[in-house]
Amino acid sequence: MSLTGTPFLYTTIVLSVVALILPLVLWSRMRGPQAVRAAARVLMLLFAQATAVTLIFVMVNNQNNLYDNWADLLGTGNHVQQAANLGRDGTGGIALRRLPKVRQEFTAADGPAMHAAGGVRVTQLKGRVSGVDAEVYVWLPPQYGEPAYRKHRFPVVELLPGYPGSAKAWFGSLKVHEQLEPLMRSGRVAPFILVAPRTNLLAGTDTGCANVPGTVNADSWLSIDVPRMVTDNFRAAAAPANWAVAGYSAGAHCAVKLAVAHPDRYRAAISLSGYNDPIGERNSLTAQSVTLRERNNPYLLLRKAPVPPRIALYLSGESGDGYQAGVALEQVAKAPTTVHVVFLPRSAGGHNMALWRPQVPSVFEWLTVNMGQSHLRSGSTPREPSSAGSTRAALASGTASRAGAARKR
């Protein structure tokens, strides 16, 4: 029975109800020695507590897409077939342009919200470079099937979840496709192809989206294998100017790191409540040594870059949860690198989906403009940060001023 399936949810509801009724019906009707009756009553109480905790966990997991299946929950899943040393560029010397196209089989993805807004499709991808074998979810914009766009190659945004987190989370919890479909139809947001690859590749460990020889090649999986699959199977633009990566929490750290490390593969990155130092996630593989931390810290990568990368970064967060990380990047960035930092007050929410979900429209409007995909009418570009008197909705969507941060911290 699937961990995130409706049958399992209904089963836990039924068991919780049964566990509540049993003590009410049987408590005073127990027969036998006192020790036996006491033991039976204790077991009924434990059963009631266990089913209640299970039901709460299932509801929270379904709402936040933390664990996709039983293997993720139990820490038995491993999606790494091999992890060869691929060198500094992550290609292992493979001539990527000479690789033949591989056609993937896609099926309709299951789960909450996965059938909305035209539906999300999924494929099982075996990375030819990274040695990773995992699922990738793809959503196509409404214009993709229109005759007027039959020769058009679409820009792409890779979507990365936090840790723990399911590749479905951007669709199931943040409802990114449901929010963006009407905005794409109206022209406020460019028709991006949305791609959500699995990032939970090792049991009980956050890969930090890094290449660690002998352990995992998560960087190559995300920045080489997944993009290659997308351009092989869809009308997706291959040039880095048409690619962006977005994430929240641990996925936000990954998004910025990938863009800073690979400006030849991405033009923009979105960070929602992210961090720079990998030690921000205690289960991060890249936090295990000083060397790995330095190699995967986007702040250090940006500061030490011999040539400032041509990328645009959007970072939002609360004080102590993403905001300072964004300011640090802003302070070391040099043209043509651009950094846009949005301060979110504590009143806007916490480190959760309720904070990140309402930011989706403004984030993608920013992407539309900063990736040169804007077809917006004059005067309809995303608003700059407003004054500290903004409404809570405006604050949550990313329009609070940094000046307000100084006053409210």
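The values are calculated or read from the model by the stated rules, or taken from the named source; none is laboratory data. What you see is a predicted model, and the numbers here were worked out from it, not measured in a lab. Neighbour counts run over all protein chains shown; Cβ positions are idealised from the backbone, glycine included. Side chains are part of the model used for accessible areas, which takes the heavy atoms of the whole protein and leaves out ligands, DNA and RNA. Shrake-Rupley method; radii C 1.70, N 1.55, O 1.52, S 1.80 Å.
Here the peptides 212-223, 333-344 are ranked by packing, the mean other Cβ count within 10 Å, and the order with the highest first is 212-223, 333-344. For the stretch 68-189, the C-alpha radius of gyration divided by 2.2 N^0.38 Å, with N the number of residues, is 1.24. Selection among 140, 92, 159 by position relative to the dipole of the stretch 13-160 gives 92 as farthest towards the positive end (Cβ unit charges, Cα centre). Take the Cα of residue 327, step 7 Å toward its Cβ, do the same at residue 279, and the gap between the two points is 2.0 nm.
Selection among 131, 113, 171 by position relative to the dipole of the stretch 108-199 gives 131 as farthest towards the positive end (Cβ unit charges, Cα centre). Summarising the overall dimensions of the stretch 1-132 from its C-alpha atoms, the Rg and Dmax are 24.1, 79 angstrom. Rounded to two decimals, the Cα radius of gyration of the stretch 1-74 over 2.2 N^0.38 Å is 1.37. When the trypsin sites (Lys or Arg not before Pro) in the stretch 109-174 are filtered for DSSP coil states and for at most 13 other beta-carbon atoms within 10 Å of their beta-carbon, the remaining sites are 150, 151. Cross-link partners of residue 257 among aspartates and glutamates, defined as those whose alpha carbon lies under 16 angstrom from its own and excluding same-chain residues fewer than eight positions apart: 89, 158, 206, 219, 277, 281, 294, 330.
Taken about its Cα centre, the chain carries a charge dipole of roughly 420 debye when the Cβ of each Lys and Arg holds +1 and the Cβ of each Asp and Glu holds -1. Between residue 84 and residue 232, the FRET efficiency from the beta-carbon distance, with R0 = 22 Å, is close to 0.50. For the chain, with a Gaussian network of springs between Cα atoms less than 10 Å apart, report the residue from 99, 55, 300 with the top mean-square fluctuation. Comparing 99, 55, 300 in the GNM, the peak value goes to 99. Rg and Dmax, both from the Cα atoms of the chain and both in Å, are 23.2, 83. With the Kirkwood sum run over all distinct C-alpha pairs, the stretch 201-311 has a hydrodynamic radius of 14.2 Å. Using bins of 5 Å that start at zero, the share of Cα-Cα pairs per bin across the stretch 188-240 amounts to 4, 17, 25, 19, 15, 12, 6, 2, 0, in whole %. The accessible area of residue 347, taken with all protein chains in place and a 1.4 Å probe, comes to roughly 70 Å². Antiparallel beta bridges, as assigned by DSSP with both residues in the chain, represent about 40 percent of the total such bridges.
The local environment of residue 226, defined by Cβ-Cβ distances under 12 Å, has a net charge of 0 under the rule Lys, Arg +1 and Asp, Glu -1.
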